[in-house]
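A quick write-up on the structure given underneath.
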2 protein chains.
Amino acid sequence: MRTLVLTIEYDGTEFLGWQLQPEGRTVQGVLEEAMRTILQSDLRATAAGRTDAGVHATGQVVHFRTDSDMGVERLKKGLNGVLPPDVRVLEATQAPDDFHARFSAVGRRYVYRIIRRPSAMRRHLAWYVAYPLDVDAMRRACNPLAGRHDFTSFCQATSTADGTVCEVRELEWIEVDDELHLRIEANRFLHHMVRTIVGTAVDIGRGRWPESVMAEMLAARDRRAAGANAPARGLCLESVRYPSEFGI
Amino acid sequence: MRTLVLTIEYDGTEFLGWQLQPEGRTVQGVLEEAMRTILQSDLRATAAGRTDAGVHATGQVVHFRTDSDMGVERLKKGLNGVLPPDVRVLEATQAPDDFHARFSAVGRRYVYRIIRRPSAMRRHLAWYVAYPLDVDAMRRACNPLAGRHDFTSFCQATSTADGTVCEVRELEWIEVDDELHLRIEANRFLHHMVRTIVGTAVDIGRGRWPESVMAEMLAARDRRAAGANAPARGLCLESVRYPSEFGI
C-alpha cells in the first residue's frame, strides 16, 4: 500500500466545493472519478482543507492510499488527461505511510483578493468592492487577530467540534497593482473564518464600523458579533505546510 | 448629436468575437442590446479593434453617436446594470464629433500570456506551453519585427484591403512571476498578426526552427511562410491610444 500525494489547482466557480455530495459537481467527485479511470479502482481522496462552493485553490494538497505501482509522473499526466480543465494536478509524489493531508498539516495559507473597479476578466477570482476603503484602518483593525486566539466569533457555529482556537502566524493587507489582497497563514482555519475577517474588515474600511470592532468581536467569542461573510469567489487556498520529514 | 466613448473590458471566452453576427453571442451584440435598453434607441457601436473569438480586452475603446443627453456616469452605471458580467464598462466620456474609435486610433497595445505549467485558474486567460522555451532566442528572433514593415507573412490573407504595412513601436518578451508575456504596441495590427508572431516565436523557442526564420518570414511577404497561430485565449487588447486633442 502506497500513500500518494497530489498538489492540485482548481477554479472553484463551477464546483459546489471540495467535498463529495450526493448531487452536484464537487472537486472531490471529479478527482475520484479521474482516479477511478486512471487507477482502475475506487479510492477515497482526502484534502488538507475542505473549500466551500466558489472558493479556489492553487495549492490544495490531497492524499490517497493505493496498491497501484504506477509512477507519479505517469499518474499526474494520466489524471490531467481525464480531469476537466478547471482542475489540474500540479505535482504528484509518494509520501510516508503515516502522512495525512489534513491531520499532518501544520499551516495553511489563503489569499483573499479584492478589486476596486469592475472587471470582466477577474469576475470569478476577486470581490469587487465599489466603496472607497481606508486600507490603513483595515490593517490596524486586523492587527489584534495575529497570534493564538479563540476565533468563535469568526466561525460558522456548526463546525466547532474540533475546537475554536487558531494561531494566526501572518496576516497582511497588501496592494498588488490595482488589487487589495489579504494574505493570511494559520495553523488551521475555522469554517468561513477568512471570509468573515474580510467582510468585517471591509465594513471597517468603508467606515461603517470603528476600527476597534474587530478586537471587540474577537473578545466576544460569539458568531453573532461578526460582520457579513465576504463572497467565496475572492478566496483562494494557496498552500499547505507540512513538517519537513514528509518531504511534501 | 453627441459622440460618446466607452472603455470596456471583456472576457472573450464565451464570445464569438467583437463583431455582430447573424447568430451567436458577440461583444458588439450584447453591448448594443444594453445600449438599446438604457438609451431606448437602436445605436451602432464601433470598436477600435475587432477582436476574434476567445480574445480578451481590458481596454477596448468603443464609440457611438446619440441624441440622448444622459450623463456619462449614469450611462456607465446603467450599462453595467444590464450587461452580462463578462463585459464591463470601465469608463464613459464624451468626445469631439470627429472622433472615431477605429480611424482616430494611433496605437494599439496587446499582451499575449504564456504559462509554462498547467493552470486551472488561468485556463481561459493564457496559453499553456508544455515545452521548455529558450526565451532569449525568442527575443533575438523577434527583434527584426520592430519598426515599419510589410507584415503580409503574419496576416490572414483575406484581410489585406487596407494595406499590410504596420509600425511596431514596442515588442518585448517579459517574465512576470511564472508567466511569459509578449507586450507589443503598433500603430495597427493585421488579422491574426500577434497570434502568428507568438506561434512562430514559440516554435523558435522550443527549437523547432532556427532564430533566423522570423526575419526570413518577414522578408518573404507570404502568409504561407509563417508558423501556426497561437491560441486566441492568450491574447488581450490592453489599450488604444489617440491623439491627445480627443481627450480619451
- Message: Considering only segment B:51-64, I want to know if a residue exists there that is among the acidic types (Asp, Glu) and either within 13 Å of chain A (Cβ to nearest Cβ) or free of Cβ contacts under 8 Å to residues at least 60 places away in the same chain (or both).
- Response: no
- Message: Being part of a strand (DSSP E or B) and surrounded by 19 or more Cβ atoms within 10 Å (Cβ to Cβ): is that true of B:Leu182 here?
- Response: yes
Note on segment B:35-47: residues touching a His at 6+ places or on another chain (Cβ under 9 Å) and either assigned to a helix (DSSP H, G or I) or aliphatic (A, V, I, L, M) (or both) are B:Ala45, B:Ala47
Those residues of segment A:220-242 that are touching a strand residue (DSSP E or B) at 6+ places or on another chain (Cβ under 9 Å) and modelled with pLDDT under 95 come to a total of 1
Over segment B:73-96, the set of residues open to solvent by 40 Å² or more (accessible area, probe 1.4 Å) and either away from chain A (no Cβ under 14 Å) or small (Gly, Ala, Ser) (or both) is B:Arg74, B:Gly81, B:Thr93, B:Gln94, B:Pro96
Checked segment A:47-72 for anything among the polar types (S, T, N, Q) and either open to solvent by less than 30 Å² (accessible area, probe 1.4 Å) or within 22 Å of A:Glu23 (Cβ to Cβ) (or both); matches are A:Thr51, A:Gln60, A:Thr66, A:Ser68
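One line per residue, one yes/no per condition, for (1) within 19 Å of the chain's Cα centre (by Cα); (2) under 15 Å from B:Arg233 (Cβ atoms); (3) within 14 Å of chain A (Cβ to nearest Cβ):
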residue: B:Arg117; (1), (2), (3): no, no, yes
residue: B:Ala120; (1), (2), (3): no, yes, yes
residue: B:Ala126; (1), (2), (3): yes, yes, yes
residue: B:Ala130; (1), (2), (3): no, no, yes
residue: B:Asp134; (1), (2), (3): no, no, no
residue: B:Met138; (1), (2), (3): no, no, no
residue: B:Ala141; (1), (2), (3): no, no, no
residue: B:Ala146; (1), (2), (3): yes, no, no
residue: B:Thr152; (1), (2), (3): yes, no, no
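Being within 18 Å of A:Trp18 (Cβ to Cβ) and modelled with pLDDT of 95 or more is the requirement here; does A:Val111 meet it?
Criteria met by A:Val111.
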Within segment A:97-115, of all residues that are out of contact with any helix residue (DSSP H, G or I) (no Cβ under 7 Å at 6 or more places or on another chain), of a type in the set (A, V, I, L, M, F, W, C) and more than 14 Å from every other protein chain (Cβ to nearest Cβ), the one nearest to A:Glu185 (Cα to Cα) is A:Val106
Of (1) among the basic types (Lys, Arg); (2) in contact with a His (Cβ under 9 Å, 6 or more places away or on another chain); (3) part of a loop (DSSP other than H, G, I, E, B), A:Arg208 satisfies every one except (2)
Among A:Leu90, A:Leu133, the single one that is in a strand (DSSP E or B) and touching a strand residue (DSSP E or B) at 6+ places or on another chain (Cβ under 8 Å) is A:Leu90
Note: among B:Glu32, B:Glu23, B:Glu9, just one is surrounded by 23 or more Cβ atoms within 10 Å (Cβ to Cβ) and either out of contact with any Phe, Trp or Tyr (no Cβ under 6 Å at 6 or more places or on another chain) or assigned to a loop (DSSP other than H, G, I, E, B) (or both), namely B:Glu9
inquiry  = Among the residues in segment A:23-39, are any within 22 Å of A:Ala126 (Cβ to Cβ) and either touching a Gly at 6+ places or on another chain (Cβ under 6 Å) or touching a residue at least 60 places away in the same chain (Cβ under 8 Å) (or both)?
reply    = yes
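Does B:Arg224 satisfy being more than 15 Å from B:Cys142 (Cα to Cα), open to solvent by 60 Å² or more (accessible area, probe 1.4 Å) and either in contact with a Ser or Thr (Cβ under 7 Å, 6 or more places away or on another chain) or among the basic types (Lys, Arg) (or both)? Reasoning before the result, please.
On the way: more than 15 Å from B:Cys142 (Cα to Cα): yes; open to solvent by 60 Å² or more (accessible area, probe 1.4 Å): yes; either in contact with a Ser or Thr (Cβ under 7 Å, 6 or more places away or on another chain) or among the basic types (Lys, Arg) (or both): yes.
Considered against the rule, which asks whether it is more than 15 Å from B:Cys142 (Cα to Cα), open to solvent by 60 Å² or more (accessible area, probe 1.4 Å) and either in contact with a Ser or Thr (Cβ under 7 Å, 6 or more places away or on another chain) or among the basic types (Lys, Arg) (or both), B:Arg224 comes out as yes.
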Only unsatisfied item for A:Phe99, checking (1) in a loop (DSSP other than H, G, I, E, B); (2) among the aromatic types (Phe, Trp, Tyr); (3) open to solvent by 10 Å² or more (accessible area, probe 1.4 Å), is (3)
The residue from B:Ala146, B:Ala161 that alone is surrounded by fewer than 20 Cβ atoms within 10 Å (Cβ to Cβ), at pLDDT below 95 and aliphatic (A, V, I, L, M) is B:Ala161
Those residues of segment A:102-131 which are touching a residue at least 12 places away in the same chain (Cβ under 8 Å), open to solvent by 30 Å² or more (accessible area, probe 1.4 Å) and closer than 25 Å to A:Ser41 by Cβ amount to A:Arg102
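The values are calculated or read from the model by the stated rules, or taken from the named source; none is laboratory data. Note that the coordinates shown come from a computational prediction; the quantities given were computed from them, not determined experimentally. Here the Cβ is made from the backbone with ideal geometry for all residues, glycine too, and neighbour counts use every protein chain on show. Just the protein is used for accessible areas: all its heavy atoms, side chains included, with ligands, DNA and RNA removed. Shrake-Rupley method; radii C 1.70, N 1.55, O 1.52, S 1.80 Å.
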